[in-house]
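This report refers to the structure that appears directly beneath it.
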Amino acid sequence: MRKLIGSIIIIALIIPIVIVVMRGQEISGSLDRLTTTSNQAQQQEDRPTTPVEKPKQEEPVKKEPKPEKVEKPSKPEVSKPKVIVIDPGHQRYADFRLEKVGKGSDEWKPMMQGSTYGIVTGQAEHQLTLDVANKLKKQLIQKGYKVKLTRTENVIAMSTKQRADFAHKNKADLYIQLHADGRSNAQANGMYIVVPSKDNLFTKKIHKESRELANTVINTAKDSKQDVYKKGIVTSANLPALNWSKMPTVLIELGYLNNPKDDRRLATTKYQNQLVENISTGIENYIKK
């Protein structure tokens with residue numbers, strides 16, 4: 001009995017101790033957990049915080065500007081060469097049919113007067129003018145001009161008006177007529193130029209430019225010390241060769257075939273070349289002004 005009671009007492013003493021021990025372990029575990037949690041929290045606080053970048057706002061999509069219209073490069077203007085029509089005066093056979101001296105005129109003249117002939121050499125004016133015209137054409141082409149002749153042979157029937165019409169048809173900028181005097185003063189010598197009159201109804205519009213062209217050619221000849229008839233330039237109001245022209249025109253008398261000195265030198269290639277050089281240079285100087 002005593003043993004039983006002793007066992008009960010021992011048990012009664014042990015149970016509270018066990019309970020206390022177990023409670024102590026629970027409390028210790030709870031404290032450990034709290035300490036761990038606290039340490040973790042402290043560690044998180046101690047960690048450097050990385051700033052959270054705000055999401056970048058997408059820039060609005062800019063509309064691409066419409067491509068500008070690219071204009072095609074304009075072609076450089078190419079100046080057309082000046083057109084020069086040369087009329088070698090006269091022809092082998094005269095034409096005595098009549099035509100008016102100008103549009104609407106009441107005055108009539110032969111369609112083509114006969115040539116003059118050299119007093120010493122007997123050279124024909126129509127052949128002389130054709131020879132000089134061909135040389136002048138070559139010189140002007142070399143200078144870059146477009147050149148046409150009203151005739152290329154002597155046996156031809158072409159009136160004064162028809163020659164001017166030829167210049168109009170070819171849209172000439174200048175109309176140069178070549179002749180050689182043989183009916184004026186036989187004591188005179190040297191070249192001279194006939195221009196349309198400013199008082200003439202037919203040529204009033206072209207007088208100024210024609211006169212300027214004549215002045216330039218004559219001055220070029222003088223500068224080269226070529227013989228020039230003392231008058232140099234004369235005007236005429238009744239020459240069909242001038243009256244039918246619509247563009248600046250001059251009638252160049254190369255010299256006097258009824259003057260022995262002029263006749264002889266006009267028959268030489270050297271003097272013809274000199275004339276051509278001065279006339280072509282004078283024309284070029286006029287165009288470039």
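The values are calculated or read from the model by the stated rules, or taken from the named source; none is laboratory data. The model shown is predicted, which means the values in this text are computed figures rather than measured ones. Positions of Cβ are backbone-derived with ideal geometry, glycine not excepted, and every protein chain shown enters the neighbour counts. Ligands, DNA and RNA are excluded from the accessible area calculation, which covers all protein heavy atoms including side chains. Shrake-Rupley method; radii C 1.70, N 1.55, O 1.52, S 1.80 Å.
Residues that are open to solvent by 10 Å² or more (accessible area, probe 1.4 Å), under 23 Å from I287 (Cα atoms), assigned to a helix (DSSP H, G or I) and not β-branched (V, I, T) do occur in region 234-241. Restricting region 197-224 to residues that are hydrophobic (A, V, I, L, M, F, W, C) and not in a helix (DSSP H, G or I), the residue that is farthest from R264 (Cα to Cα) is L201.
Restricting region 96-108 to residues that are buried (at least 18 other Cβ atoms within 10 Å of the Cβ) and not aliphatic (A, V, I, L, M), the residue that is farthest from D199 (Cα to Cα) is E99. Is at least one residue of region 183-196 farther than 22 Å from K222 by Cβ, in a loop (DSSP other than H, G, I, E, B) and modelled with pLDDT under 95? Yes - at least one qualifying residue is present in region 183-196. With respect to the conditions (1) more than 37 Å from the chain's Cα centre (by Cα); (2) more than 17 Å from P240 (Cβ to Cβ), Q113 lacks only one, and its number is (2).
Considering only residues that are of a type in the set (A, V, I, L, M, F, W, C) and within 29 Å of D262 (Cα to Cα), which ones fall in region 176-210?
Of everything in region 176-210, those that are of a type in the set (A, V, I, L, M, F, W, C) and within 29 Å of D262 (Cα to Cα) turn out to be I176, L178, A180, A186, A188, M191, I193, V194, V195.
Taken together, the residues in region 103-126 that are at positive phi and at pLDDT below 95 amount to 1. Within region 105-132, residues that are part of a loop (DSSP other than H, G, I, E, B) sit with their Cβ atoms under 7 Å from residues that are polar (S, T, N, Q) and surrounded by fewer than 18 Cβ atoms within 10 Å (Cβ to Cβ), at 6+ positions apart or across chains, in these pairs: E107/N238.
Consider region 135-156 and keep the residues that are without any contact (Cβ under 8 Å) to a residue 24 or more places away in the chain and more than 15 Å from H90 (Cβ to Cβ). The one that is surrounded by the fewest Cβ atoms within 10 Å (Cβ to Cβ) is Q142.
For every residue, the table says whether it meets (1) within 36 Å of the chain's Cα centre (by Cα); (2) closer than 21 Å to E284 by Cα; (3) open to solvent by less than 80 Å² (accessible area, probe 1.4 Å).
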position: M158; (1), (2), (3): no, no, yes
position: K161; (1), (2), (3): yes, no, yes
position: A164; (1), (2), (3): yes, no, yes
position: I176; (1), (2), (3): yes, yes, yes
position: Q187; (1), (2), (3): no, no, no
position: V194; (1), (2), (3): yes, yes, yes
